[in-house]
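Asks: Supplied in structure tokens, the structure appears directly below.
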Amino acid sequence: MFKIFDCHCDTLTKAMTENTNLYINSLHIDIKRLCAFEKAVQNFAIWLDEPFLENAFENTLKAIDFYNEQMEKYNTEISGNFSSFLSVEGGEATEGSIEKLCILHEKGIRLMTLTWNHKNEIGCGALSGFDEGLSAFGKSVVSKMNALGMLIDVSHLNKKGFYDVAKLSDKPFIATHSNSLAICAHPRNLDDEQLKIMRDMGCAVGINIYPPFVDGKNGSLDNIIRHIDHIADIIGEKNIGLGCDFDGIAVCPEGIEDISGIHKLYERIESEWGKAFAEDVFYYNMREFFGNRV
């Protein structure tokens, strides 16, 4: 079995809301399946659905507690080849407060996706219908995240917000689960100009396997390969990885129903470009990019 470093899944909050556990479940991902890999690093994102946004900070803290409880409860079952870290998907969790951002960092949050699809105190999502950039608070968030060593995630962010991040950030950022607009014309994807900016800043991209972002159809392996090829050609072969978006997607690609089917993508990458590139995309590139942050 190969190694995997996945930059984004929504399994944590889905498990919490469905009253199941992280070790073994019927979701796209559980720790037991991840332990089957030679080595696995999983970013568990805390995403809050609309009913939980009214008390976003408090509900984010509850999700952090749930994660810590699960890690402690299943400590003896979790093998040493598995590790994970926490992120926040959507700056609503800060409730417009730098102090709360700092508390989230103290609680173990090492990455934040600035927006989800909507507008929040930080900026506007790509599907929000707004084209304005980061708010004054959002710009202060970029500065503070740089100072704290928290990774800024621009997935879901609209273009003006993206350009603001690129202008303001003095450190590389990441799009943890985004694809190429040139390959699939979905507003959640990144255009070539954005990818070139990311290349010049030493940023990284995690490939999303959600079919609407892949090809608008069934998310075929052929078209996932096209995204990898195009993005790697622009930002470089060492700056691309995986951000599958498991448990945050309504439908999976054909033949990859959950994490146990991801080997099909690995095998396809290996057949196209060789084992070294497959290992880089699946593990080593993101392990290097995240470094000692996680």
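Asks: Can you tell me how many residues in segment 36-52 are over 20 Å from the mean Cα position of the chain (by Cα) and either among the basic types (Lys, Arg) or at pLDDT 95 or above (or both)?
Replies: So the answer is 2.
Asks: Restricted to segment 81-129, and to residues that are touching a Leu at 6+ places or on another chain (Cβ under 9 Å) and basic (Lys, Arg), which residue is surrounded by the most Cβ atoms within 10 Å (Cβ to Cβ)?
Replies: Among those that are touching a Leu at 6+ places or on another chain (Cβ under 9 Å) and basic (Lys, Arg), it is Arg110.
Asks: I'm told Gly216 meets every condition in (1) among the small types (Gly, Ala, Ser); (2) under 19 Å from the mean Cα position of the chain (by Cα); (3) more than 20 Å from Val281 (Cα to Cα) except one. Can you identify the failing condition by its number?
Replies: (2)
Asks: Shifting gears a bit: I need the full set of residues from segment 44-75 which are aromatic (Phe, Trp, Tyr), in contact with a strand residue (DSSP E or B) (Cβ under 7 Å, 6 or more places away or on another chain), in a helix (DSSP H, G or I) and under 16 Å from Glu95 (Cα atoms), in order please.
Replies: none
Asks: Still on this structure: For the subset of segment 119-146 comprising residues that are without any contact (Cβ under 8 Å) to a residue 24 or more places away in the chain and within 23 Å of Arg188 (Cβ to Cβ), which member is nearest to the chain's Cα centre (by Cα)?
Replies: Among those residues, the one meeting the criterion is Lys119.
Asks: Could you please find all residues in segment 195-235 being of a type in the set (S, T, N, Q) and either buried (at least 24 other Cβ atoms within 10 Å of the Cβ) or touching a Ser or Thr at 6+ places or on another chain (Cβ under 6 Å) (or both)?
Replies: Narrowing segment 195-235 to residues of a type in the set (S, T, N, Q): 208, 218, 220, 223.
Listed by number, the list holds a single entry, Asn208.
Asks: Filter segment 184-239 down to the residues that are of a type in the set (Gly, Ala, Ser) and in contact with a strand residue (DSSP E or B) (Cβ under 8 Å, 6 or more places away or on another chain), then identify the one that is farthest from Pro172 (Cα to Cα).
Replies: Within segment 184-239, the first condition is being of a type in the set (Gly, Ala, Ser), and the residues that meet it are 185, 202, 204, 206, 216, 219-220, 232, 236.
Then drop every residue that is not in contact with a strand residue (DSSP E or B) (Cβ under 8 Å, 6 or more places away or on another chain), which leaves 204, 206, 232.
Values: Ala204: 8, Gly206: 14, Ala232: 17 Å.
Residue satisfying both the conditions and the ranking: Ala232.
The values are calculated or read from the model by the stated rules, or taken from the named source; none is laboratory data. Keep in mind the model is a prediction, meaning the values are calculated, not measured. For neighbour counting, all protein chains shown are included, and Cβ atoms are generated from backbone atoms with ideal geometry for every residue, glycine included.
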